[in-house]
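Colleague: One structure follows; several queries about it will come next.
Where a number appears in this text, it was derived from the coordinates with a stated rule and is not lab data. On a predicted model such as this, the values are computed, not experimentally measured, just so you know. In this analysis, Cβ positions are derived from the backbone assuming ideal geometry, glycine residues included, and neighbour counts consider all displayed protein chains.
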Amino acid sequence: MADSLLELLVPPELSQSSDAVKSSYLNRLSTLSLQTLQTTELQSLAQSSHSTLLSLQALSNRSHRAFVTSSDNLSTLRTSIPKLTKEAQELRDAIPKLDQETVSFSTKYSKVTDNAALGRRKKAMQLARNVDRLSDILELPTLLSTAVSAASANSGAGAASTTYSSALDLHAHIKRLQTLYPESPLIQDVASQAEDAMKEMTTNLIAGLRAQNLRLAAGMRTVGWLRRVAPDLETLQADGAASGSGEGALGAIFLICRLSNLVLTLEALDPLRELADQETQRRTSNKGKSDNLASGQQTDRYLKRYIEIFREQSFAIVSLYKNIFVSEQSEPEPAIPGLKGPDASTPTHDSFQRLPSALATFPMHLVQLLTDTMRTYLPNVRDRSSRESLLTQLLYCAASLGRLGGDFGMVLTELSGEEDIECEWEEVMRKHRALAGRLEQLTSRVAAH
């Protein structure tokens, strides 16, 4: 009865496994002797039972949480399976309704023009897809401003040239975007910021024309950049610029910048000029008295240094201008009014019909600056040899500028109304012409041989 009940309770798989174990143990017993069965087999069975008990205890200690969880899950399995079946039936019943709603939505929103909300959604999605490109466009003004600032900070010509070229390329790219998208507010804002940066670049370039000791290569490079940055300056006609000169307002800007540098350089002589002013005050206060006046040594030092700087700077200004602008003109320049130059003897009717270029009137301003200074301070120099030295230096200055078509030697005859100075001036002129004639003869003889 017990065996039959055990067979009903034990599953078939376990029953078969138990039968195999039993059969194996019975086969083993048949091999043992009677004495072994009576003495050692009982101890072996007790030891195996104890070992099995220890293993079960260790397994229970390690896996009791898993046993408890499995037991809990098995206890709820009877209610979970019917619930899952019910929910699956509800999902199956809802699928036709979901399909009907999907078809209705697709039919309603199939056209973008018929629904503003869907149009805004698509625009937002397109904006999200192109956010990287928009970010690059928004960074263009910052990159341009950085390039302009870096170019103005770099003193090296090579580094500045590379940075200015990069800035011009960025500006050209922004102009292309403005051409492609003229109605875009974003592109218009970027172009506006770019124009502000290019104005700053134009200011920096114009300031570069006022640099000390400007070289021809740097001047041509700066003017070339100005033509690319501000092309309107080349077409704009400045006051006094010829309509056919081809320089526009750039020529006048160049001359103004170099004149500013000349004035700043001459202002460095202010300590000497103050001493010369003191001698002028003493001369005017002692005018008409019979006491001896100072020889004007401080004035002589000031004027010599003044004329030296004026000669170097004026020659450099006119020479740079001619090399940068005049060489590009297809027509000859009109004569400089009041000055002796290569074109003064051959005036044309066209010269009177149009305004002269900026260079035509600029030497007159330089000469006026020089003659005003000489007229103010030359009477302080009472020593005859010092005055003759100054007048000779003036003649050399006039001859130096005359090599470029701006000889103002005849203008110097009106420096002072004092009779003694006029006599000295005539004598200096005769000596200068005699020396010039001898030099010309020597030159001709050397050329003949």
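Colleague: From the Cα gyration tensor of region 55-124, with a ≥ b ≥ c the square roots of its eigenvalues, which class applies: rounded if a/c is under 1.5, or else prolate if a/b is larger than b/c, or else oblate?
Modeller: Note, shape of region 55-124 comes out oblate.
Colleague: With a Förster radius of 51 Å, plug the Cβ-Cβ distance of residue 87 and residue 146 into 1/(1 + (r/R0)^6) and report the FRET value to the nearest 0.05.
Modeller: 0.20
Colleague: Assuming R0 = 45 Å, can you tell me the calculated FRET efficiency for the pair residue 175 and residue 104, based on Cβ-Cβ distance, to the nearest 0.05?
Modeller: Once rounded, the FRET efficiency stands at 0.35.
Colleague: Gain in length, residue 61 to residue 138, computed as 0.36 nm per residue apart minus the alpha-carbon separation, to one decimal in nm?
Modeller: Stretched out fully, the residue 61 to residue 138 stretch lengthens by 21.0 nm.
Colleague: A further question on this structure: If you stretched the chain out fully between residue 309 and residue 69, how much longer would it get, using 0.36 nm times the residue separation minus the C-alpha to C-alpha distance?
Modeller: My answer for the length gained is 76.0 nm.
Colleague: Once you have a ≥ b ≥ c as the square roots of the Cα gyration tensor eigenvalues for region 15-155, tell me rounded if a/c is under 1.5, and otherwise prolate or oblate according to whether a/b is larger than b/c.
Modeller: Oblate is the answer for region 15-155, as a/c is 1.5 or above yet b/c matches or exceeds a/b.
Colleague: Please list the non-local residues whose amide H lies under 5 Å from the amide H of residue 357, H modeled 1.01 Å from N, same-chain partners needing a gap of 5 or more.
Modeller: Answer set, sorted by chain and number: 242.
Colleague: Give the peptides 68-80, 174-186 in descending order of average Cβ contacts within 10 Å, highest first.
Modeller: 174-186, 68-80
Colleague: Based on the Cβ-Cβ distance from residue 286 to residue 389, what FRET efficiency comes out when R0 is 35 Å, to the nearest 0.05?
Modeller: 0.90
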